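Here is the structure we will look at, set down as structure tokens.
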Amino acid sequence: VTNKQIGANIGQAELAALPILNKNWMFAVSLAPGIQLQSSTASFACESLIVGGGSNRSGNFSIDGGGNNDDYLGSSCGSQVRPAIEAVQEFQVLTNQYDAEFGRTAGAVVNAITKQGTNVFRGTMFGSYTGARITARDFFVRQNNLAKPDTSQTDWGGTVGGPVKKDRAHFFYSLDRIVYAESRTNTFVARPELNVSNTQRMQLWNHMIRFDNQINANNTWTGRYLSEHSPTYDRLSPQRTLAGRDQEFDVDRNAGGSWNSTFGNTRFNQLRVGYTYESN
């Protein structure tokens, strides 16, 4: 035993094999022992984690060791920026007795490790579409004989990575595009004429670019930028009529970098910096 930390790692094998709803990695992370997923319709991919029956506000999210907690809602709505599954090498999930480098939490520590380029150019492409013909009417639509909303989900994108200078500098880029039309139904017992079924549409662009450079045998540095723009149109909150529809324009960004230095056979130092931004 060389480490007292308790947790699990979710790697590429699990991420590639599992059918994950909305391509949200939180559903894969929740498979770790002692973790329960709490989902929300507050916004797209607004899932949080409950560890050992504790509060879903007690988590700490990071990317490559840098902070990624939501600036507006903390950890109760997941991470600030949603890293695309295709851009993640593995997720480190710590549930107890984590080292001093992981603070600010009494729940789970979820650290996403992003992919990096190699000496060989590699890439992936993916795409999927789900139409309204294979989705059922929800309970309130059936109960109140309302028109079935036009629901669908389109998801496509890809990754590419390779060398800038062999053995010294490499890049990695990922793109994820999701167009998600989901059903929203509100009913009013005292005013049934106001009952409404609505289609809420979210149109998301997710970009990530990472650059790695080995200066010499003892010093390397990494820089990464991740941006997600996810406007939602015709948003209908609970207990609002159709006249109360609104729009949400959500821009999330996360940038980070690290400098790694080796001092002989027994000493190593890593300096990390991180930046998060949200405009909602």
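The values are calculated or read from the model by the stated rules, or taken from the named source; none is laboratory data. Everything quoted here is computed from the prediction, not taken from an experiment. Neighbour counts are summed over all protein chains in view; Cβ atoms, including those assigned to glycine, are modelled from backbone coordinates with ideal geometry. Remember, those area values only see protein heavy atoms, side chains included, never the ligands or the DNA or RNA. Shrake-Rupley method; radii C 1.70, N 1.55, O 1.52, S 1.80 Å.
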| said: For the chain, set up a GNM with springs between Cα atoms under 10 Å and report which of N218, N60, N195 has the largest fluctuation. | reply: N218
| note | Whole-percent carbon and sulfur contribution to the accessible surface of region 37-145 (1.4 Å, no ligands, DNA or RNA) stands at 49 percent
| message | Springs between alpha-carbon pairs under 10 angstrom, Gaussian network model over the chain: which of K23, K166, K148 fluctuates most? | response | K166
| query | How many nm is it between the label spots at Q203 and R267, if each spot is 7 Å from the Cα in line with the beta carbon? | reply | 5.6 nm
| request: Could you give the C-alpha radius of gyration of region 86-176 expressed as a fraction of 2.2 N^0.38 Å, taking N as the number of residues it contains? | output: 1.76
| Potential lengthening between S279 and K165 on full extension [0.36 nm per residue; Cα-Cα distance subtracted] | 37.4 nm
| Using a 1.4 Å probe, what is the accessible area per residue for region 26-152, in Å²? | 51 Å²
| Dipole in debye (nearest 20) - the chain, about Cα centre, beta carbon charges: Lys, Arg +1; Asp, Glu -1 | 240 debye
| request: Could you work out the Rg to Rh ratio of region 111-240, with Rh taken as the Kirkwood radius (inverse of the mean 1/r over all Cα pairs)? | output: 1.23
| task | Once you've got the GNM for the chain with C-alpha springs shorter than 10 Å, pick whichever of R240, R210, R57 has the biggest mean-square fluctuation. | result | R240
| task | Translational diffusion coefficient, Stokes-Einstein: compute it for the chain using the Kirkwood radius over C-alpha pairs as Rh, at 10 °C and 1.306 mPa s, and state it as an integer in µm² s⁻¹. | result | 77 µm²/s
| request: Calculate the length of the line joining the C-alpha centroid of region 121-191 to that of region 203-244, in whole Å. | output: 15 Å
